[in-house]
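To start, the structure itself, in structure tokens.
What follows is calculated from the coordinates using simple rules that are stated; it is not laboratory data. Please read all numbers here as calculations on a predicted model, not as lab measurements. Reconstructed Cβ throughout: ideal geometry from the backbone, glycine too, with neighbour counts over all protein chains shown.
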Amino acid sequence: MTMKPFEQYLKQKLDALPTERQPENDLWPGIDLALHAEKPHSAFSKPQRWLASAAALIVAVGLGWVLQPLWHTQNDVALNGEALVQALSQQHEQNKTTLLVSLKDTPALTNNWEEQLTELEEAAEAIKTALKEDPDNTALLRMLQSVYQQQFLLIERVHAPKWQKI
């Protein structure tokens with residue numbers, strides 16, 4: 001079997017290459033350090049932790065602002081149940097709008113997240129309807145807050161940066 005000149009040249013060059021290549025410096029100390037270094041384990045990446053912290057801060061500040069009249073009453077008049085629900089709902093809508101505007105350029109990771117958000121909004125409306133019958137029911141107020149929190153979590157989760165899907 002005869003080889004063409006180019007194939008002979010290529011074979012000579014390949015045969016001349018070393019079969020092993022040694023690194024320029026000793027890699028074992030770095031490998032050992034990486035294997036034995038204690039790293040904090042977290043379920044969230046840094047951007048997710050930042051986003052969750054920002055949303056939690058928005059909710060905490062919003063709730064603090066809404067509930068402030070209950071702690072510091074002006075002229076000894078506190079918000080009654082209906083006014084509290086209205087103030088809570090208004091603050092939630094403002095915070096939700098702010099969060100959605102801040103994430104408008106971030107692509108959503110799922111297609112049906114808006115349907116899920118609509119279902120949560122319908123649940124909140126049902127709770128608010130029940131609160132009209134019993135405006136001072138703390139269990140219903142907690143349920144409303146929980147639904148609002150679920151809305152924030154849904155928005156945050158579906159707007160994770162695109163590179164986090166990898």
Rounded to whole Å, √(5λ) for the Cα gyration tensor eigenvalues of the range 113-162, largest first, gives 26, 11, 4
How would you rank 15-22, 83-90, 49-56, 108-115, highest first, on the average number of other Cβ atoms within 10 Å across their residues?
-> 83-90, 49-56, 108-115, 15-22
Long-range amide H partners of HIS159, meaning residues 5 or more apart or on another chain whose placed amide H is closer than 5 Å, are LEU109
Net lengthening on full extension, VAL61/ARG142 (0.36 nm per residue, minus Cα-Cα) = 27.5 nm
